[in-house]
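Read the structure below first, then the notes.
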Amino acid sequence: MGEIRTTYTKEIKLKAIHLYENEDMGIRSISKELGIGFTTVQRWIAHYKREGIQGVEEKRGTSRNPLKGRANKDDESDTEKMTRLEAENAFLKKLLAAKRGMIQEKKNR
């Protein structure tokens, strides 16, 4: 089984960045002092340098493009819903007819 991932608060991330930027501590020293993995601290610093304070904020559960994705079925109008359901009904009728045809062929053999 995989390891359980630890989620660090924004304050801990900023403390690590502060130690790196203002206290002239190395990444290894910071990771030992805070008990956090070297690559984790390294990633936080890289994100901070690239994106500023937003780089250390929690991003899980947020979409990069909130407008992209499946359309909500609640948003469709009654006519659109009726058209979609009629097409689905026609497809299912054809599928049922095809299955019945296959059953008829097996019985005739």
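Overall form of segment 1-57: oblate. Here a/c, set by the Cα gyration tensor axes a ≥ b ≥ c, is 1.5 or more, and a/b is not larger than b/c.
Gain on full extension, evaluated as 0.36 nm per residue between Glu80 and Ala98 minus their Cα-Cα distance, stands at 3.8 nm.
Every read-out reported here was derived from the displayed coordinates using simple, explicitly stated rules and does not represent laboratory data. Here the structure is a predicted model, which means the values were calculated and not measured.
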